[in-house]
Protein chains: 2
Amino acid sequence: MNIPIDTPQDAAAADAVFARYREAVPVTGWNPVLARLLDHRSVRAYLPDALAPDTVETLIAAASSAPTSSNIQAWSVVAVTDPLKREALSRIAGNQAHIRQAPLILVWIADLSRAEAVATQAGTQLDGLDYTETFLLAAIDAALAAQNALIAAESLGLGTVYIGALRNDPEAVARLLNLPPRAVAVFGLVVGHPDPAVPTAVKPRLPQQAVLHRETYSQEVQPEAIARHDLATAAFRQEQNLPQQSWSDLLMGRLKTVEALKGRHLLREVFERLGIRLG
Amino acid sequence: MNIPIDTPQDAAAADAVFARYREAVPVTGWNPVLARLLDHRSVRAYLPDALAPDTVETLIAAASSAPTSSNIQAWSVVAVTDPLKREALSRIAGNQAHIRQAPLILVWIADLSRAEAVATQAGTQLDGLDYTETFLLAAIDAALAAQNALIAAESLGLGTVYIGALRNDPEAVARLLNLPPRAVAVFGLVVGHPDPAVPTAVKPRLPQQAVLHRETYSQEVQPEAIARHDLATAAFRQEQNLPQQSWSDLLMGRLKTVEALKGRHLLREVFERLGIRLG
């Protein structure tokens, strides 16, 4: 594909898109927000330095500004800075060292407890709580809010990484953070100052042909697009001195066995014990 | 709370935060990305004008740049511009007129079909697919990607609104968009040029005291914070010439009965018929 490069902005856009896909994709209206979004990389090595005053409030102001289904606002967040609590969260998440290193982990909660509390105060009850739909709505609300917080953190020059492994043991997280019934942690977000001694890189993603469909979904183009992504991933892993493995193999390894889910195959029952029923 | 206002940036930050919360919250490091995030508003009136060339590719480049759990990339998106398809999606979503008005709706897919196709091609099968965890991972991946696309669209001066009501009938969406088994629409995102004749406003959100907890979750502060939000919502609705209703009443109305879920109480069974099993 030929993309005309007429201005320095065009060149910056082409570079950012190429870093993300390892192939050319046409983009329009390049601006600082797009530049910030495309330059995302996860950070797994942090300095212990504290965050500037009011940082948490700033991240949550961004989170609160995300859309929320029917304005229900079915999310909460617990900001954990206490080293002992971060140590405990690190253990739950398979001993990820960056949870101990960085000064802050935001634990994002799909929170139906607030709705129930409002109803109890009003002397009524909500028959719509115990459904898959209602939990899904809350989890999506939490994800939209968290992603805004992540972008806000990166705009402040901070590093971040999501911690899905809190779902290895949501009951332990609930005990540690004193979560009420109907409130479950869906993931964490580590925030801190990246260790400059450990460079990060933009990770390549599936070509747009694999993820973007026009008018209807097409499976036909996927094998060729996935093969290109396997090559891009191989090149990336070589550059990063990571063991050679194709994206397809990494993907399959993550989902091949029940054991690979690291306890999360029990999530439905665990959520039920925490008051989240997927009816 | 007293927030010192020393510079025009401080004033802009204080204004943006006050518009979001209707109360002062301290923020730090104000910048154009934060300004973009805090100024979000949903747009429900659009011009029919087409989008600039390469707009969809730009939004998806932002979406691809969002984090994804273990790099599984368990999402896809169908870009729908065809007026007949938009008409059909509008009907599924309770006849929301903006789906017909705007030139584009992006339908976000929690997509486990790609993983299954990769495994089939490799002559193996994935035992980890049929779990609540795996669907939740895909839905969160889709939400993070979609939120990046939303922010990208707003950075281009476009309006957006999420359409959760596609979950009223995921089977009809799957038929319309030819989705393969194990791929379900979780929500839509309308994108278009806002109608300048219909002004939009920043909607107030729950005070930080209600959603942000420190070290452990606290239910004690919630009633007072929710009461403040009921007042802020009343003021907002009066300004917008909307019928008076408190946030608490709106919330309870949305979840009070099974009927209020508009068919979505069946989501679990519907997903199962589409190949998504919440084991």
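Could you list, in sequence order, all residues of segment B:240-279 that are more than 23 Å from B:Arg41 (Cα to Cα), not in a helix (DSSP H, G or I) and not β-branched (Val, Ile, Thr)?
Those that are more than 23 Å from B:Arg41 (Cα to Cα), not in a helix (DSSP H, G or I) and not β-branched (Val, Ile, Thr): B:Lys256, B:Lys262, B:Gly263, B:Leu274, B:Gly275, B:Arg277, B:Leu278, B:Gly279.
Test A:Ser42 against the criterion of being among the small types (Gly, Ala, Ser), under 18 Å from A:Ala79 (Cα atoms) and modelled with pLDDT of 95 or more, and give yes or no. If you could, list the steps in order and put the result at the bottom.
Numbers: among the small types (Gly, Ala, Ser): yes; under 18 Å from A:Ala79 (Cα atoms): no; modelled with pLDDT of 95 or more: yes.
In short, no.
Looking only at residues in segment B:229-271 that are touching an Asp or Glu at 6+ places or on another chain (Cβ under 7 Å) and charged (D, E, K, R), which one is nearest to A:Leu177 (Cα to Cα)? Write out each step before concluding.
Within segment B:229-271, the first condition is being touching an Asp or Glu at 6+ places or on another chain (Cβ under 7 Å), and the residues that meet it are B:246-248, B:256-258, B:261, B:263-265, B:267, B:270.
So of that shortlist, the ones also charged (D, E, K, R) come out as B:256, B:264.
Numbers: B:Lys256: 28, B:Arg264: 31 Å.
Among those residues, the one meeting the criterion is B:Lys256.
Within segment B:1-43, can you find the residues that are more than 11 Å from chain A (Cβ to nearest Cβ), over 21 Å from A:Ala153 (Cβ atoms) and not in a loop (DSSP other than H, G, I, E, B)?
Selection gives B:Pro8, B:Ala11, B:Asp15.
Conditions: (1) within 20 Å of A:Pro103 (Cα to Cα); (2) in contact (Cβ under 8 Å) with a residue 60 or more places away in the chain. A:Pro199 meets all but one. Number of the miss?
(2) is the only condition that A:Pro199 fails.
Starting from residues that are in contact with an Asp or Glu (Cβ under 8 Å, 6 or more places away or on another chain) and among the small types (Gly, Ala, Ser), keep the ones in segment B:163-213 and report whichever is farthest from the other protein chains (Cβ to nearest Cβ).
B:Gly192
Out of everything in segment A:98-121 that is in contact with a Ser or Thr (Cβ under 7 Å, 6 or more places away or on another chain), of a type in the set (A, V, I, L, M) and farther than 13 Å from A:Leu166 by Cβ, what residue ends up being farthest from the other protein chains (Cβ to nearest Cβ)?
Ranking the qualifying residues of segment A:98-121, first place goes to A:Leu104.
Taking the condition farther than 23 Å from B:Gln121 by Cα and surrounded by fewer than 22 Cβ atoms within 10 Å (Cβ to Cβ), does A:Glu220 pass?
no
Of the residues B:Val25, B:Val17, B:Val33, which single one is touching a residue at least 24 places away in the same chain (Cβ under 8 Å) and of a type in the set (Val, Ile, Thr)?
Values: B:Val17 fails: touching a residue at least 24 places away in the same chain (Cβ under 8 Å); B:Val33 fails: touching a residue at least 24 places away in the same chain (Cβ under 8 Å).
The conditions single out B:Val25.
Return only the number of the condition from (1) at positive phi; (2) crowded, with 24+ Cβ neighbours inside 10 Å that A:Leu136 does not satisfy.
So A:Leu136 meets the others, but not (1).
Hey, does segment B:203-225 have a residue that's at positive phi and outside the structural domain of B:Ala149 (by TED's automatic domain parsing)?
Yes, because at least one residue in segment B:203-225 is at positive phi and outside the structural domain of B:Ala149 (by TED's automatic domain parsing).
Just to be sure before I move on: is A:Leu231 assigned to a helix (DSSP H, G or I) and out of contact with any Phe, Trp or Tyr (no Cβ under 7 Å at 6 or more places or on another chain) in the structure I sent? Walk me through it before giving the result.
Working: assigned to a helix (DSSP H, G or I): yes; out of contact with any Phe, Trp or Tyr (no Cβ under 7 Å at 6 or more places or on another chain): yes.
Yes; evaluated as a whole, the condition is true for this residue.
Under 9 Å by Cβ, and 6 or more places apart or on different chains, what pairs join a residue from segment B:121-150 that is in a loop (DSSP other than H, G, I, E, B) with one that is hydroxyl-bearing (Ser, Thr, Tyr) and crowded, with 24+ Cβ neighbours inside 10 Å?
Final answer for the pair search is B:Leu126/B:Thr134; B:Gly128/B:Thr134.
Filter segment B:93-112 for residues that are over 17 Å from the mean Cα position of the chain (by Cα), buried (at least 24 other Cβ atoms within 10 Å of the Cβ) and not in a loop (DSSP other than H, G, I, E, B) and give the result.
Matches in segment B:93-112: B:Asp111 only.
Say we look at segment A:151-160 and pick out the residues that are touching a His at 6+ places or on another chain (Cβ under 9 Å) and touching a residue at least 40 places away in the same chain (Cβ under 8 Å); which of these is farthest from the other protein chains (Cβ to nearest Cβ)?
So the residue we want is A:Gly159.
Which condition breaks for A:Arg264 when tested against (1) without any contact (Cβ under 8 Å) to a residue 60 or more places away in the chain; (2) at the interface with chain B (Cβ under 7 Å from one of its Cβ atoms); (3) crowded, with 18+ Cβ neighbours inside 10 Å?
Among (1) without any contact (Cβ under 8 Å) to a residue 60 or more places away in the chain; (2) at the interface with chain B (Cβ under 7 Å from one of its Cβ atoms); (3) crowded, with 18+ Cβ neighbours inside 10 Å, the lone unmet condition for A:Arg264 is (1).
The values are calculated or read from the model by the stated rules, or taken from the named source; none is laboratory data. Since the structure is predicted, the reported quantities are computational estimates derived from the model, not experimental observations. Cβ sites come from the backbone with ideal geometry, for glycine too, and all protein chains shown count toward neighbours.
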